[in-house]
Structure formats: structure tokens, C-alpha cells
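*Asks:* One structure follows; several queries about it will come next.
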Amino acid sequence: MIEVSEKDWEILHKNFRISREELFPIFPYRANFEELKQLLLESKTDSVFNNRFNAILWRFPISMSDNEFMKLLQFFLVENWHHDHESIIRSFQDWFNQDKENIKYLMQAFSSLPEFYKYDEDLKYPYIRKIIYAIGAQPEPYNFDALETISQSEDEEIKALALHQIEKRKQLGRWEAQKHE
């Protein structure tokens, strides 16, 4: 397991504007899947560490494949104790949109909103819209199946968001996936 010193955490935080790759020469750690997962899980129970969840997830230098990183994002998308769900969802729309398994996790995120989204409509509907867009970016026809399920919602705003995304995808396709080919 990786033990990161406070001095090294300071290096990570001071260099928040540079990429993971640029951190390699000045930050002496590289985490594999299990190590990064463990660091992220530790941030759940440690009040100082919890503030580091975002930095660990997106900036900590890693030695894993994109597929392994996607699996890590799938795992943490459905964990409701952190506040980085929107960034994870955006990554499923923009980058990790070639695996139909992502839909299962996005649907689970849709079905079990974190508490801070549930009761604030100013937060809830934009969050749900992001999930719906990320589902739309996933492989066909699985994305349409999930969107059809969501469109059966009794909530008229959610229903409208899903139906709009279905029509948009029928007209424009999966442009996010095309830009990475």
C-alpha cells in the first residue's frame, strides 16, 4: 500500500495545474488500480483525506490502463459519500463511452441520487441531465434501451429530458464516440 507523506501531498496540491504526466518527475508515487482504489476508500473515513478525493482520483499519477481506470470510475460513481459524481459522469460522456457496461453504472447513479441532489431541484435536474447525456453517448442500441426506461418516469421533467436525448441521438448519433476514433 502506498504511504504518501504530508510533504508529498503538498507537492501534489501545489502543482494542481499540471497533468499527471508532468507530475511524474516531482511526485515519487505511481498507483496501480488497487492502490488508487484503496487511497480513495481511505479518503472516505479520514476528514483530511476526504478533501483529497478529487486530487487523488484525477491527478494522482497512475500506472494502469484506461480500462482499469474506467472500472475505478464505475465503482466510485455509485458511491454516495464524495462530491465528484458530475466529473465522473462527464468522463463517461466524453471519454469512456465505448463499453455498454457503463450504462449499468449510470442507471444505478440515476436510481440512487446522492442526498444532496435529491431535494434541491436546482441541483437534481442538471445532475440527471448529465447522467442522461452520458447514457446517450454509450454504445447503441443499449443507450436507447436505457433512455426508453428513463422516459417511462412519472416525473415529467425527467421524462422530457430522456425523450429529448432519444430524439437528439436519432438525429446526430454518438458524436462523442466519433471524435475519439
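The values are calculated or read from the model by the stated rules, or taken from the named source; none is laboratory data. In this text, all values refer to a predicted model and were calculated from it rather than measured experimentally. Note: ideal-geometry Cβ built from the backbone for every residue, glycine included; neighbour counts use all protein chains shown. All accessible areas refer to the heavy atoms of the entire protein, side chains included, with ligands and DNA or RNA removed. Shrake-Rupley method; radii C 1.70, N 1.55, O 1.52, S 1.80 Å.
*Asks:* Based on DSSP H runs of at least 4 residues, each adding -39500 (n - 2.57), what is the mean residue ellipticity at 222 nm of the chain after dividing by all its residues, to the nearest 500 deg cm²/dmol?
*Replies:* -19000 deg cm²/dmol
*Asks:* Just to confirm my numbers, what's the Cα centroid distance between the range 110-173 and the range 1-67 in Å?
*Replies:* Taking the Cα centre of the range 1-67 as reference, the centre of the range 110-173 is 32 Å away.
*Asks:* Defining a contact as two alpha carbons under 8 Å apart and six or more residues distant in sequence, what relative contact order in percent does the range 56-181 show? Don't jump to the answer; show the numbers that get you there.
*Replies:* Numbers: 125 pairs, mean separation 31.8, N = 126.
Contact order relative to length: 25 percent.
*Asks:* Between S63 and R30, what is the label-point separation in nm under the 7 Å Cα-to-beta-carbon projection?
*Replies:* Here the answer is 0.4 nm between the modelled labels.
*Asks:* Another question about this same structure. Quick one: angle between helix 66-77 and the longest Cα principal axis of the chain, in degrees between 0 and 90, rounded to 10, please.
*Replies:* 70 degrees
*Asks:* Compute the helix-to-body angle for 85-94: its Cα long axis versus the longest principal axis of the chain, expressed 0 to 90° and rounded to tens.
*Replies:* 70 degrees
*Asks:* Roughly speaking, to the nearest percent, how much of the chain's 1.4 Å accessible area is carbon and sulfur?
*Replies:* Numbers: 4780 of 9750 Å².
Result for the chain: 49 percent of the exposed heavy-atom area is carbon or sulfur.
*Asks:* Let me ask another. Suppose every K and R has +1 on its Cβ and every D and E has -1 on its Cβ; what is the size of the dipole of the chain about the Cα centre, in Debye to the nearest 20? Walk me through the intermediate numbers first.
*Replies:* Values: 23 positive and 32 negative charges, 78 e Å.
The dipole of the chain has a size of about 380 debye.
*Asks:* Would you mind putting 156-167, 21-32 in packing order, based on average other-beta-carbon counts within 10 Å, highest first? List each step's numbers first, then the result.
*Replies:* Details: 156-167: 16.4, 21-32: 14.2.
The packing order, highest mean first, is 156-167, 21-32.
*Asks:* What does the accessible area per residue of the range 93-134 come to in Å², with a 1.4 Å probe and no ligands, DNA or RNA counted?
*Replies:* Details: 2260 Å² over 42 residues.
I get 54 Å² per residue for the range 93-134.
*Asks:* Taking a ≥ b ≥ c as the square roots of the Cα gyration tensor eigenvalues, with a/c under 1.5 meaning rounded and otherwise prolate when a/b beats b/c, else oblate, which class fits the range 66-180? It would help to have the intermediate numbers written out before the result.
*Replies:* Numbers: a/c = 1.82, a/b = 1.04, b/c = 1.74.
It is oblate, given that a/c is not under 1.5 and a/b is not larger than b/c.
*Asks:* Helix 121-136: angle to the longest alpha-carbon principal axis of the chain, degrees 0 to 90, nearest 10?
*Replies:* Roughly 80 degrees, rounded to the nearest 10.
*Asks:* Related question: Based on the alpha-carbon gyration tensor of the range 1-64 and its eigenvalue square roots a ≥ b ≥ c, which shape applies: rounded if a/c is under 1.5, prolate if not and a/b is larger than b/c, or oblate? Present the calculation step by step, with values, prior to reporting the outcome.
*Replies:* Working: a/c = 1.66, a/b = 1.25, b/c = 1.34.
In terms of gyration-tensor shape, oblate.
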